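Please read the structure below before turning to the comments.
No value in this document is a laboratory result; all are computed from the given coordinates. Fair warning: this is a prediction, and the values are worked out from it, not measured in the lab. Methodologically, a virtual Cβ is constructed for each residue, glycine included, from the backbone with ideal geometry; neighbour enumeration extends over all protein chains shown.
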Amino acid sequence: MASSPGSDPMKQAATLTPGICSVTLRSHGIDEVVAVAAGAGLSGIEWGTDVHVVDAASADHARQACDAASLKVLSLGSYYRAGTFGDFDHAVALAVRAGAPRLRIWAGTVEPDDAPPQLWDAVVADTRRIAALAAEYGLQLAFEFHGGTLTSTVEGTLELLERVDRPNVGTYWQPTEGLSERDALASLRQVIGRVAAVHCFSWWPGTERLPLEGRTRLWQAVSEVVREHGRDMDMMLEFVEGDLPDNAVRDAGFLRRIAADAS
């Protein structure tokens, strides 16, 4: 790839792995999700614990189906809320059985500016606890970058990660609803050093679902920022128009192109 102004020509560009979140096709079974992902030329799947990977049998099924289709299991999307001090052993066990190297978690239920000190303390303490559980199996944790949580903003995300201070805890990134291309890219650049993976979808101007290519400049720029940072990254398709497999295949084609673009 050509060097951008100020870039280090000796720095190794990152490899971007195009994948899909199973939540994109929530109403379809494991085998159907695998067939769509493989048929679309994607490289892997983030399995969700909402409907697809819920117990040992479905975790085994997901792993075996991915193996048969030469797909990677990129991560396990759990809905665990740090700060609840709940049972995290189950999520860890599912990740191990499914062959997922990373678990997605959520940072409480309150925006960072509205969260009292005791909630911050609880989320930090619980995250450290579950990070230790995950580390026993070589697993990474990553916060969902999402509204209604402590990681809804760049500032909240960086503060939480600094306070947690565990090497196996990072964050996902996705464009916040309603943010302009410029502001979305600014948020990515601020957190890129702690980003574990990117969720890819095009909602604009609010929550209206567009084809991923509907925000071409944004996603091309995102891929460039990630690639130039130099750390390999999963880029996972999420939320397509109408939750339709055909639209997932269409958007996957665009995602594959930007992930592979080395120009």
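Worth pointing out:
- For segment 201-223, a residue qualifies if it is part of a loop (DSSP other than H, G, I, E, B) and more than 19 Å from the chain's Cα centre (by Cα), and the qualifying residues are W204, P205, G206, E208.
- Filter result for the condition that a residue is surrounded by fewer than 20 Cβ atoms within 10 Å (Cβ to Cβ) and under 29 Å from P18 (Cβ atoms), over G138, G77, G86, G48: G138
- Residue pairs whose Cβ atoms lie under 7 Å apart, separated by 6 or more positions or on different chains, with the first residue in segment 145-164 and free of Cβ contacts under 8 Å to residues at least 40 places away in the same chain and assigned to a loop (DSSP other than H, G, I, E, B) and the second surrounded by fewer than 21 Cβ atoms within 10 Å (Cβ to Cβ) and not small (G, A, S), are G148/T109; G148/E111.
- Taking the criterion of being buried (at least 20 other Cβ atoms within 10 Å of the Cβ) and in contact (Cβ under 8 Å) with a residue 40 or more places away in the chain, the only residue of segment 175-190 that qualifies is P175.
- Considering residues of segment 141-170 that are surrounded by fewer than 23 Cβ atoms within 10 Å (Cβ to Cβ) and among the polar types (S, T, N, Q) only, the residue nearest to S75 (Cα to Cα): N168
- Any hit, segment 58-75, residues being closer than 29 Å to D246 by Cα and touching a Cys at 6+ places or on another chain (Cβ under 6 Å): yes
- Residue count for segment 51-70, restricted to those that are surrounded by fewer than 20 Cβ atoms within 10 Å (Cβ to Cβ) and outside any helix (DSSP H, G or I): 5
- Every test in (1) touching a Phe, Trp or Tyr at 6+ places or on another chain (Cβ under 9 Å); (2) hydroxyl-bearing (S, T, Y); (3) closer than 22 Å to R256 by Cβ is passed by S58 save one, and that test is (3).
- Restricting A142, A100, A122, A91 to residues that are in contact with a Ser or Thr (Cβ under 6 Å, 6 or more places away or on another chain), touching a residue at least 12 places away in the same chain (Cβ under 8 Å) and in a helix (DSSP H, G or I) narrows the list to A91.
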